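Take a look at the structure set out below.
The values are calculated or read from the model by the stated rules, or taken from the named source; none is laboratory data. Bear in mind the structure is a predicted one, so any value in this text is a computation, not a measurement. Please note: Cβ atoms are built from the backbone with ideal geometry, for glycine as well, and neighbour counts cover all protein chains shown. Keep in mind that these areas ignore ligands, DNA and RNA; they rest on the heavy atoms of the full protein, side chains included. Shrake-Rupley method; radii C 1.70, N 1.55, O 1.52, S 1.80 Å.
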Amino acid sequence: MNLLPQRTCSHLESLMSKYWWSSSRRKGVSWFSWRKLCKHKNSGGMDFRSLRDYNLSLLGKQGWRLLLLQDSLVGRIYKARYFPNCSFLEAGLGGNPSFIWRSVLESQALLMDGARRRIGTDSSTAVLKTHWLLSETNPCVVSTHPALANCKVSQLMKPDSRQ
């Protein structure tokens, strides 16, 4: 799966819009914009898919697999090549990246917005700059306290409990 150029998505959406609004006898009039048609039905749209958003969501699925299935063959290859010392969420473009890697990396911000780190017995989750809180508006701890700079979440918990 590759990232389709924005121009290609716009052209395909234009063709779909023309098909929707025109008839065999006349050109037709676009009564609503394509963006309005892409809105959910409860919001007054027709629930059509934005091709760019759909393409990014499919690429995000591949990024999610790189996060969860790091022991798969593809996961090991990409980890060794592009992010050997971090996870997919911290990965950068790297030197001489493939087109597929560039495409999957486009979905990284989408995954970072929705992904949260689950806290269990793991001692490697940093308190600051890690998405681990359940809050939708602010999933990271915001603090300038110097004691939290290198602190891990496990250091904030009671020993031998999950509190």
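Per residue, the solvent-accessible area of the stretch 1-117 (1.4 Å probe, heavy atoms of protein chains only, all protein chains present) comes to 72 Å².
For the stretch 77-163, GluC sites (Glu not before Pro) are listed when DSSP marks them as loop and at most 16 other Cβ atoms sit within 10 Å of their Cβ; the list is Glu106, Glu136.
Dividing the mean sequence gap of close Cα pairs (under 8 Å, 6+ apart) by how many residues the stretch 1-139 holds gives a relative contact order of 20 percent. With a cut-off of 14 Å between beta carbons, the residues surrounding Ile100 carry a summed charge of +3, where Lys and Arg count +1 and Asp and Glu -1.
For Val142, the accessible area of its heavy atoms, probed at 1.4 Å with every protein chain present, is near 120 square angstrom. Rolling a 1.4 Å probe over the protein chains gives Cys86 an accessible area of about 40 Å². Summed over qualifying helices (DSSP H, 4 residues or more, each -39500 (n - 2.57)) and divided by its residue number, the chain shows a 222 nm mean residue ellipticity of -11500 deg cm²/dmol. Normalised by the number of residues in the stretch 85-154, the mean separation of alpha-carbon contacts (under 8 Å, six or more apart) gives a relative contact order of 26 percent. Note on Cys151/Ser22: beta-carbon distance plugged into 1/(1 + (r/R0)^6) with R0 of 41 Å gives a FRET efficiency of 0.10. Charge tally for Arg52 (other residues, Cβ to Cβ under 13 Å; Lys, Arg +1; Asp, Glu -1): 0.
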